[in-house]
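What follows is calculated from the coordinates using simple rules that are stated; it is not laboratory data. Keep in mind that what you see is a predicted model, and the values were worked out from it rather than measured. Because the Cβ atoms are built from the backbone with ideal geometry, glycine has one as well, and the counts that use them run over all protein chains shown.
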Amino acid sequence: MKRFVLYWALAGLAVPLVILVAHWLRIGPYVIPDHLKIMLWPSSVVTMALQKANPVFAAAVLIVSIALNVGVYSALGALFWWLGRLVNR
């Protein structure tokens, strides 16, 4: 179970990083539509506070948003693991 949830947590970390890199390279809107970004990184709505934020606040908000996403993905991984065990009985 731990390894399964860890993989989900890593996916929860990788998804926002890929989206941020695509955004910084200016290829984000062409590769990843906005509705897909919200589905894959639900805690990204927290980043709306970054429009005119100072760099320290922006970094803190990004870290919190990514950490929330890791938590969401970990919870989903644990839920899917539990459902898989339930079905295989």
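Quick look at the numbers
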{"read-out": "In the range 30-71, residue nearest to the chain's Cα centre (by Cα) [restricted to those that are of a type outside the set (D, E, K, R) and assigned to a loop (DSSP other than H, G, I, E, B)]", "value": "TRP41"}
{"read-out": "Matching option when the condition is within 14 Å of ALA11 (Cβ to Cβ), in contact (Cβ under 8 Å) with a residue 12 or more places away in the chain and surrounded by 12 or more Cβ atoms within 10 Å (Cβ to Cβ), among VAL72, VAL46, VAL64", "value": "VAL72"}
{"read-out": "Top-ranked residue of the range 7-29 - restricted to ones that are assigned to a helix (DSSP H, G or I) and out of contact with any helix residue (DSSP H, G or I) (no Cβ under 8 Å at 6 or more places or on another chain), ranked as surrounded by the fewest Cβ atoms within 10 Å (Cβ to Cβ)", "value": "TRP24"}
